[in-house]
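Report on the structure given below.
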Amino acid sequence: MTARVLPHRDKDAILRLYSHYFNAEELMYEMFQKFHKKARIKNLSEKDTVDRRSFLYYWLSSLYVVIEGFVELDVPTLLRCRPSNFEEIVDQAKLVLDHARQRSSELKLYRNATFHYQKDSQKHRSFLFADGSLVWALELQFQLQEFFSAYRVNCEVIYMLEGRLEESEIASAPKRRRKTRAAS
């Protein structure tokens, strides 16, 4: 039987998907949400309207890239090669894949329309105005957030238990100095 090992954080394909792709995708999501909330309160300027649309386009397009990586890596199978504490998130990874497959082909067209010139906005519009597409994207966003959070926690546990402190975000975080009271 092959040993179940957590690769070094610099060689971990799942952490690479998280740090190089999901973090950028999540930034686009957060910026879109910022403008979306602002639009609920007041009318957006023309620039803010363009920015909101741009962040929406890049968020959804980046979401597809994360899905693509999740599928290509076959994350549930990779998790079974990790130490046993990762077994608890295999079902979570399967749920992400199952949910992603529901509309991934439409989202791929959307991504392609974002990054390849189009004569009209039909590919964007067909996704955006399809029944439940944005709800689906939000649900997928939340599932990915939960998965990557759980994955990173499990990594931290292994780093600590195995004394791999140089890989730990917690152990390598700058220490805060406690304030001391001045003598009265």
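Key figures for this structure:
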{"item": "The stretch 96-126, residues that are crowded, with 17+ Cβ neighbours inside 10 Å and more than 20 Å from the chain's Cα centre (by Cα)", "result": "ALA113, LYS123, HIS124"}
{"item": "Residues of the stretch 37-60 satisfying the condition of being over 22 Å from ALA113 (Cα atoms) and either at pLDDT 95 or above or not basic (Lys, Arg) (or both)", "result": "ALA39, ILE41, ASN43, LEU44, SER45, GLU46"}
{"item": "Number of the exception - PHE22 against (1) touching a residue at least 40 places away in the same chain (Cβ under 8 Å); (2) surrounded by fewer than 15 Cβ atoms within 10 Å (Cβ to Cβ)", "result": "(2)"}
{"item": "Residue check, VAL66 outside any helix (DSSP H, G or I), touching a residue at least 40 places away in the same chain (Cβ under 8 Å) and aliphatic (A, V, I, L, M)", "result": "no"}
{"item": "Residues satisfying the stated conditions in the stretch 127-143, i.e. within 19 Å of the chain's Cα centre (by Cα), among the small types (Gly, Ala, Ser) and over 21 Å from LEU73 (Cα atoms)", "result": "SER133"}
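The values are calculated or read from the model by the stated rules, or taken from the named source; none is laboratory data. Predicted model, so just to flag it, every value in this text is computed and none were measured. All Cβ positions, glycine included, derive from the backbone under ideal geometry; neighbour counts span all protein chains shown.
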